[in-house]
Every structure is written in structure tokens, then in C-alpha cells.
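Note sheet for the following structure.
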Amino acid sequence: MRTLPNLAPVRRVAAVSAVALFLGGCVGSMLREAPVATYDLTAPQGFSGRAAAGRGALVVVEPTAIQTVDSNRMVARSGGQVSYVPAAQWTDRLPSLVQTRMVQAFENAGRIGSVARSGDRIAGDYQLITDIRAFELDVRQAGGTVARVEIAAKLVSNRNGRVVSGRVFRADVPAGDVTGPSASHSLNQALNQVLVELVGWASGHV
């Protein structure tokens, strides 16, 4: 009677080899990918001419943004081409992060009665509705790279739903190279300029 060979050891060796090849490929892929550094934004602190706090209550709605900006990636634009700053990201989705720093800016200024996020379930006298039109590095062929932040804002009364006032805020700040440290620093400076002007404008209507 012919004895069939025992294939179990062969199968085990083949399985182990396949797993090793798979893990080796994963490790090799991870080694080839650059580590992603995470950067944060800050709210402005120095508000000149600090005014007495008003009695109004303001609710800051999370900003809207196009899909390119509605992420934690840092956007870099060169003409009509949009890309991302390599190996760099924000600590949160940009609209959520800007909303948080916007609330903190109002708190730091101390010019209105109270301020809260829309998710805090606090009924305010006014809503601040904003749209992030630009939050990017503008990589130019000549003239150097510029960090650009542009936010359109509307102040809406909760009494009748009417727009009390509206305005577009924009700041351009010279930037260095297209890297995480340079991009985050220059974009944070541009955001601070925009928030200082935005807080001063909104505080005059609340």
C-alpha cells in the first residue's frame, strides 16, 4: 500500500513564509512613508483698547468650507493646482479648530457678555456664521510664498433671523518654504490677524 506524504509541515512552512512576506511588505511601506508631524493654531491674546463687556450672548457656529479645506491637511496652492504640505497635519479638522480658536479669541478680548459654540446648546442673542474661503499657502513663481487666510462672516440675530452685518476678513503673511513648521507658523499669524479684526467688528454689533 502506497503511503501519501505528510503535507502539513509543507503547508505550515508556506503559511509562515506568506505571513513573513506580508509583514515585510508592510514594514517596508511604513519605513518609506515620512512621519506626519501635527501642528496647532492659537487664539490672539493682545487686544488693544479693551472695552467693557457688553450684555449680549454670541453663539459661534462651526465654519463651512470646501472639501479641500475641510480636513486636517495643510493646503498649498500653485496657480490652479492644489496639493498638501507633505508630512504635516493640524490637530483637528480645520473648521472645528478655527471655531475653537474663534471662541477663545472672543473670550480673550472680553468685549461681549458671553460666547459659546453652537454645540454647547446655549441660546444666544446672535449667531456668528462664517465660511473659510481660503486657508492655504499660495506658492508663487515670483514674489515668494504667502500664507493666506480669508473668512467671510455674517452676524445673525436670533430674534428675527435677520443678518445684522456681514464682512469678509483676509490676511496675507509672507511664508518661507512649503514645510510643516513654516506653513503652520505663517498660517497661524494670518489667522490671528483675521480674528483680531473679526472680534472687533462683531463686538460692535452684539
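Figures for the structure shown
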| read-out | value |
| --- | --- |
| Extension gain from E107 to A123, taking 0.36 nm per residue of separation minus the Cα-Cα distance | 4.0 nm |
| Distance between region 71-86 and region 102-177 - C-alpha centres, whole angstrom | 21 Å |
| Nearest-0.05 FRET efficiency for S165 and D40, computed from C-beta distance (R0 41 Å) | 0.85 |
| Qualifying trypsin sites (Lys or Arg not before Pro) in region 129-206, DSSP loop, other Cβ atoms within 10 Å at most 14 | R140, R159, R162 |
| Sparsely packed trypsin sites (Lys or Arg not before Pro) within region 41-123, loop by DSSP, other Cβ within 10 Å at most 14 | R50, R55, R121 |
| Extension gain (nm, one decimal) between R55 and D70, 0.36 nm per residue minus Cα-Cα | 2.1 nm |
| Rg to Rh quotient for region 53-203, alpha carbon positions, Kirkwood Rh | 1.00 |
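Each reported figure results from applying straightforward, stated rules to the coordinates on display, with no laboratory input. What you see is a predicted model; the values in this text were computed from it and never measured. Cβ sites come from the backbone with ideal geometry, for glycine too, and all protein chains shown count toward neighbours.
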